[in-house]
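The values are calculated or read from the model by the stated rules, or taken from the named source; none is laboratory data. All of these numbers come straight from a predicted model, not from anything done at the bench. Glycine also receives a Cβ, built like all others from the backbone with ideal geometry; neighbour counts cover every protein chain displayed. Please note that ligands, DNA and RNA were not included when accessible areas were found on the heavy atoms of the full protein model with its side chains. Shrake-Rupley method; radii C 1.70, N 1.55, O 1.52, S 1.80 Å.
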Amino acid sequence: QVQLIESGGGLVQAGGSLRLSCTASGQTVSNYRLAWFRRAPGKEREFVASIEWIGTTTYGTRSLKDRFTISRDNADNTMYLQMNNLKPEDTAVYYCAAAAPPTMAYATWGQGTQVTVSS
């Protein structure tokens, strides 16, 4: 059974950068679709970005695509989210998720890491 653990969250000032990591254990996720989601208190979960096993990426919005970069290292069973030019509206708990073939449903989630961006 796959377990996901996020790390790298913290408090940064607007305009700063942060890199999140998501490490999978229990099973290789090399053939999984991996994704980052985020949720602010009182708001719906928002899709941030995803990455396929071959490296194809998708971002939820233009703003996210312009400022964030999702990547993965299959050898380390780890996914990353490099976040640049952070804005206060990026403040949220960030979750990683994994979708296994063939259904590609996001059935495995991490516990989340808090990102707080001060103005």
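Some observations on this one:
- Qualifying residue in segment 54-63 (condition: open to solvent by 50 Å² or more (accessible area, probe 1.4 Å), of a type outside the set (Asp, Glu) and within 11 Å of the chain's Cα centre (by Cα)): no
- In segment 25-53, the residues that are within 16 Å of Glu89 (Cα to Cα), open to solvent by 60 Å² or more (accessible area, probe 1.4 Å) and of a type in the set (Lys, Arg): Arg39, Lys43, Arg45
- Asn77 meets all of the listed conditions (1) more than 10 Å from the chain's Cα centre (by Cα); (2) under 15 Å from Arg45 (Cβ atoms); (3) crowded, with 18+ Cβ neighbours inside 10 Å but one, namely (2).
- Here Ile70 clears all of (1) open to solvent by 30 Å² or more (accessible area, probe 1.4 Å); (2) farther than 19 Å from Ser119 by Cβ; (3) in contact with a Leu (Cβ under 9 Å, 6 or more places away or on another chain); (4) at pLDDT 95 or above except the condition numbered (1).
- Residue in segment 61-89 that is nearest to Gln27 (Cα to Cα), counting only those that are assigned to a loop (DSSP other than H, G, I, E, B) and among the polar types (S, T, N, Q): Asn77
- Residues in segment 90-105 that are outside any strand (DSSP E or B) and modelled with pLDDT of 95 or more were compared, and the one that is surrounded by the most Cβ atoms within 10 Å (Cβ to Cβ) is Asp90.
Yes/no per residue for (1) within 18 Å of Ser118 (Cβ to Cβ); (2) touching a residue at least 12 places away in the same chain (Cβ under 8 Å); (3) of a type outside the set (S, T, N, Q):
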residue: Ile5; (1), (2), (3): no, yes, yes
residue: Leu11; (1), (2), (3): yes, yes, yes
residue: Ala14; (1), (2), (3): yes, yes, yes
residue: Leu18; (1), (2), (3): yes, yes, yes
residue: Cys22; (1), (2), (3): no, yes, yes
residue: Asn31; (1), (2), (3): no, yes, no
residue: Trp36; (1), (2), (3): no, yes, yes
residue: Gly42; (1), (2), (3): no, no, yes
residue: Ile54; (1), (2), (3): no, no, yes
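- Selection status of Thr108, assigned to a strand (DSSP E or B) and farther than 26 Å from Asn31 by Cα: no
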